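*Asks:* Quick one: the structure is below, questions incoming.
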Amino acid sequence: MLISPAFAQSAGGPDFGLQILPLVLVFGIFYFLLIRPQQKRAKEHKALLAGIKRGDRVITGGGIVGTVIKTVDSELTVEIAENVRVRVTRESVLGLYREPVAAPPAEAKAEGEAAAAEKPGAGSKLRRLLGGK
């Protein structure tokens, strides 16, 4: 009984398609988890840079916050203090600056907690069960 050469070659290992399947799956995972979101962020940032106009408050890559006074093609003139202006490239702008929300003063926080403690509710029942006031 003789074995044909084609049969002998295919018995040596798994099919080429099965060997390349893990590589295709890894590339697909990388594409959907890394490449695609990065491209989306880059597209949004490019649209943001194109939409910068006079009067916008921006923050640069160096951490400088200022108001856009003048826009020229790829350059912006940003006022960072009264009568202090710097020229920056559009690419150095990280985004529009939003004022941080200030935390309430400690006194207001203490008053809020005291008012909450006076109101009867689930919190006061829990405190009584745990041995508090």
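*Asks:* What Rg and what Dmax come out for region 53-96 when only alpha-carbon atoms are used, in angstroms?
*Replies:* Both quantities, over Cα of region 53-96: 8.9, 24 Å.
*Asks:* If you don't mind, another one. Efficiency by 1/(1 + (r/R0)^6): what FRET value for Ile64 and Phe16, r their Cβ-Cβ distance, R0 = 41 Å, to the nearest 0.05? Write down the numbers at each step before the final one.
*Replies:* Working: r = 56 Å, r/R0 = 1.37.
Calculated transfer efficiency: 0.15.
*Asks:* Something else about it: Going by how many other beta carbons lie within 10 Å of each one, how would you line up Phe30, Phe16, fewest first?
*Replies:* On the way: Phe30 11, Phe16 8.
Sorted ascending by nearby Cβ count, the order is Phe16, Phe30.
*Asks:* Follow-up. Using a basic spin-label model with each label point 7 Å from the Cα along Cα→Cβ, how many nm lie between Leu130 and Val24?
*Replies:* Inter-label distance under the simple model: 5.7 nm.
*Asks:* Work out how much length Glu91 to Gln38 would gain on full extension: take 0.36 nm times their residue separation and subtract the Cα-Cα distance, in nm to one decimal. Present the calculation step by step, with values, prior to reporting the outcome.
*Replies:* Working: separation 53, 0.36 × 53 = 19.08 nm, distance 1.65 nm.
Going from the current span to full extension adds 17.4 nm.
*Asks:* How do Ser92, Ser74 rank when sorted from fewest to most other Cβ atoms within 10 Å of their own Cβ? It would help to have the intermediate numbers written out before the result.
*Replies:* Details: Ser92 14, Ser74 10.
With the sparsest Cβ surroundings first, the list reads Ser74, Ser92.
All of the numbers you see were taken from the coordinates with simple rules; none came from a lab. All of these numbers come straight from a predicted model, not from anything done at the bench. For neighbour counting, all protein chains shown are included, and Cβ atoms are generated from backbone atoms with ideal geometry for every residue, glycine included.
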